[in-house]
Amino acid sequence: MTMMEYVGCGFIAFGLPAALFIVTIARDPLRVLVLMASAFFWLVSLLLSSMLWFAVVPLREKLVFGVVFSVLFQELFRFFFFLLMKKAHAGLNKLLERDTSAQPDSLTLVHNRHLLAYVSGLGFGIIGGAFSMVNVLADMSGPGTIGLKGDSSLFFIVSALATLCFVLLHTFWGIIFFDGMNRDRLNQVAAVVACHMLVSCMSLLNQLDPPVYLGSMITMYIMMIVMGVWAFIIAGGQLGKIPELLPCVHNV
Amino acid sequence: MFTVGGDRVKERIYQDVKAYSPCIRLLNGTHQIGCNSKRGGNVGTVHMVESQADVDWLVQHGPHAPYIPLLKYSTFTRDVINILTRSGKVNGILLQVVNDTEPPVHMSPDQACPNVGSEMYKNDGNLSNCQRVSWNKQGSGLMFEDLDIPVVLLHNESDVEFIIDQCYNKYNKPSASGEARSYPLCAMQLKVAMDAARDSPTCIRRSAMITNLNPQHYCDPLGDFNVYSFLHLPKVKDDLKPDSVIVAAARMDAFSFFLPSMTNSPFHNVPGADSVVTGLVTLLAVAEAIGKVKHKITKSDKPIMFTFFNGESFDYIGSSRMVYEMQRKNFPSERDPYFLEHPTKGWTESKDDPHPISLEHLYAMVELSQVGLNNRTWLHSDVISARKPAVKAVVDDMIKTLKKAAALSGVEVDIAPTGQPLPPASQQTFLKEKSLPGLLLADHSSSYTNKYYNSHLDVADQLGPEGTLSPHLTHLATVVAQLLYKMSTGKEDTNITADESSVSGLLHCFLKTAQCDMFNRTLNGEQRLSTLSKLPYSLYVSVSYVGRKNPLSVLVHNLLAYFLGDHMTNVTSASDCKAMNKKGDDKQSHPYTFKWMQGAWNNKTMKQESFCVRTIANYSTARSPAFDMEEYSWSSQKYSTWTESAWAADAMQVRIFLMPSKEREIAILCGGIGFFVISTFCLFVIRRKFDTIFDSSSE
């Protein structure tokens, strides 16, 4: 039974996002709500892109068309969600100031706007990852593995790793995008859209025969690391202090 | 590139085998037989078994158990199957019949002594259990084994090629030195999940239990309908004498190891060419020949009843039901579907009702068995009833008449060796209850000539060229028709002849395609020929439930009406003909049925010569009395107790795929879990040092 492959790949794709959720989100109901709300916005964008795909019959066979418009819709809804959060922010602020019993975590969410951006980005990522991976996972639980029809045996792992990469990218894009909007740095916004477009189109390489898994994966992960570092810096992270995370360095 | 694949991942993992014929599970009063898989299907590594060496390799070395061996005819023997199943390393069996240049010398899944459970000699120490003659000597009895693994026949060329080239040769074929290949291996999943288990009484009891609002049933009794017709229907007002009715019989059903005909699978799995069709066609030709001279046979002559029994391969279902009804004085029965379909034809309690026929009315029986594989025909009769001088005299007389007619027609007939019991035949059911003079015509003197008795290989090809078969069967039909005429009227008529074009036409219908001229003639014009099957109909009796009739029974019924019915020349339209059925009580129409038939094509008028036929051809239930009796002892073997297991709509599936190695699966699983654990740990560490790393002043 490849139930094992099924569980293994599930953990590869959603292990880190799950850990992020447990460690950073789950304890605060407000963060959970924001995560859910952003996931809902992503879903609406998916609905619109599929409606467009369905309506424009002649282009239905062209995957690249669907990809481009899907990316545009996702970014549009990221923008809408940003507007919503901006409106909500003031209200939340008042609410929490009056309510002395509010949890400290909720307070940081309101005070640290990067945190809000991170939560909404993760919401986008988790739901997007779920939708891209769930079909593959559903078919994996049977007795067979891929390969009979000439597909690479790496297909499952590549799918899982790609999903993971997208979840993380969405998280980072969330931080960069929101920061760009907040501080009117439109270049940041443009970079996010461009990067999203680029990485999505890269994934089309996996449709090639034979698929260029290695090339597309390396590019995607390089992008992810670049975006990660950028988001880290934007959020006030200090690269120099990273070694302090290591227990031995700390002890010194 | 950049076009939507649209296919689900499933389609890239699995290759479905489209055309296959599975073996299914049947049950009787005490046992279950046949095949079954787990609910989700049985999975095993594919291994081609073409020789004994392959069998040994699989059983002794084969490290990747469980296996699903792919057999050819040469290895599909009971011995090999027993070795494989007993090794415990086999999870299912495939038989491929494509590109097999050597069809087996013999192959019969039936027992060496067919229908042994319901034979008439059961209580005779010297004759029981085929001691004298092993009729179906080559019979493997595989059909009656409880295999409990799925066994599937593959007959589609591209399916088999895929399995051999893309699956076995590419991934599984051991190296020249006999070294097994390493993972990934090509595997298959065979799903033939049967609902019933143990035996018929169990599954019938379980089906009758109402556990929720959606009652489930687990098995159905085998059965269908017998078809019979008199030349002239004896009515109540006629004085039907004891020992007067002559029964001319043949059976309509066979079986094979692979029973269900899947609609998407163009494979004729129960052809019964010699087992059934030769006798069936010959008797129909006899009916036609007798029908032409029926004006010469009057009501004072002995009535002839043409009977086609159904379900005979499964312990004489049809004949035993008829005998049961005769014993209850319920034959013909008002409840038979013919009368149910035409309510006005039901009993009017008048003197025009059909005369009930009981065993005492029967005079003699002439039965046609397998008759196609030999130019010589043997006459078999029962040894026990021949001990009665009266019976022996009639039999001797029948043989004398038949031999005389045969000599005139150039048919070689012989008497089966003396002292030899009667081969398995519907007659046996009657003989169990009454000493009856009877003859059985067959193409074998002792053991069957037919090497493929009741198997899917009993096909038209083994009967030889049609050019010699049709004349042979025609002559035989002529001989039998003359015999019946003599028995009925006491007079000889050498002008009675069967029609060779009808015989070859009927053979075409039953062996080549059901979309044929002879069947077309008997359709009423509303039903199109194209609605009939392109392949010949399967001869498997299948299951009995209300409202269902085998298409073959309907067609045989039509043919009997066509050959024996009265043409109503004064009725010229289909609607008028139909309307005749509504006139209930007048003497002309009770209890007949009127059928409109398209008739034969006339080359001169370029039209079909349609006509209205008045017929007494009828159906009688061929469902074992065991299922309709209040208290039946299931282990008594008095009546057939066969049922077919039910199965769900998604119970059958055959698919091919790759199986990853255990190491790889474990590596992926551990990798995934490890990654999750490590990332969770790291995140806890980062959260604790959050303020150190992130400069909150940037806010």
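Computed from the coordinates by the stated procedures, all read-outs in this text should not be read as laboratory data. This one's a predicted model, so the numbers in the text were calculated from it and none came from an experiment. FYI the Cβ positions are ideal-geometry reconstructions off the backbone, even for glycines, and counts take in every protein chain you see.
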Looking at chain B, do any whole DSSP H helices span at least 18 angstrom along their long axis by alpha carbon and average -0.5 or above on Kyte-Doolittle, and which? B:278-292, B:389-409, B:466-489, B:551-564, B:662-688
I want to check the label-to-label distance for B:Asp576 and B:Gln608. Put each point 7 Å from Cα in the C-beta direction and report it in nm to one decimal. 1.9 nm
Among all cysteines in chain B, which have no other cysteine Cβ under 4.7 Å from their own Cβ? B:Cys670, B:Cys682
Taking a ≥ b ≥ c as the square roots of the Cα gyration tensor eigenvalues, with a/c under 1.5 meaning rounded and otherwise prolate when a/b beats b/c, else oblate, which class fits segment B:389-515? oblate
Label 7 Å along Cα→Cβ of B:Glu630; segment B:316-333 residues with amide nitrogen under 17 Å? B:328
How big is segment B:29-170 along each principal axis, measuring the range of its Cα positions in Å and listing the largest first? 58, 34, 28
Can you give the convex hull volume of the alpha carbon atoms of segment A:1-132 per residue, in Å³? 121 Å³
Rounded to 0.05, the calculated FRET efficiency for the beta carbons of B:Asp691 and A:Glu97 at R₀ = 25 Å is 0.70
Calculate, in whole percent, how much of the Cα-Cα pair population of the protein assembly as shown lies beyond 40 Å. 56 percent
Compactness of segment B:252-300 - radius of gyration and Dmax, Cα, Å: 17.0, 53
In the protein assembly as shown, what percentage of the DSSP-assigned beta bridges are antiparallel, given to the nearest 5? 60 percent
Using all alpha carbons of chain B, what is the percent of pairwise distances in each 20 Å bin, ordered from the shortest bin to the longest? 16, 45, 26, 8, 3, 1, 0
FRET efficiency for B:Asp396 and B:Met262 from the Cβ-Cβ distance with R0 = 45 Å, rounded to 0.05, comes out at 0.35
FRET efficiency, 1/(1 + (r/R0)^6) with R0 30 Å, evaluated for B:Arg387 and B:Lys241 via beta carbons: 0.75
Please give, to one decimal in nm, the separation of the simple spin-label points placed at B:Arg328 and B:Glu433, each 7 Å out from Cα toward the Cβ. 1.1 nm
Residues listed by number, segment B:629-672, amide nitrogen under 19 Å from B:Asn123 label point at 7 Å toward C-beta: B:633-640
Gyration tensor verdict on chain A (Cα atoms; rounded if a/c is under 1.5, prolate if a/b is larger than b/c, oblate otherwise): prolate
Where labels lie 7 Å past Cα in the beta-carbon direction, separation of B:His232 and B:Gln462 in nm: 4.3 nm
Please work out the ratio of the alpha-carbon Rg of segment B:159-202 to 2.2 N^0.38 Å and round it to two decimals. 1.87
Exposure proxy check on B:Tyr545, B:Tyr540, B:Tyr73, B:Tyr316: fewest-to-most Cβ neighbours within 10 Å is B:Tyr545, B:Tyr73, B:Tyr540, B:Tyr316
Whole number please: convex hull volume per residue, Cα atoms of segment B:303-343, in Å³. 96 Å³
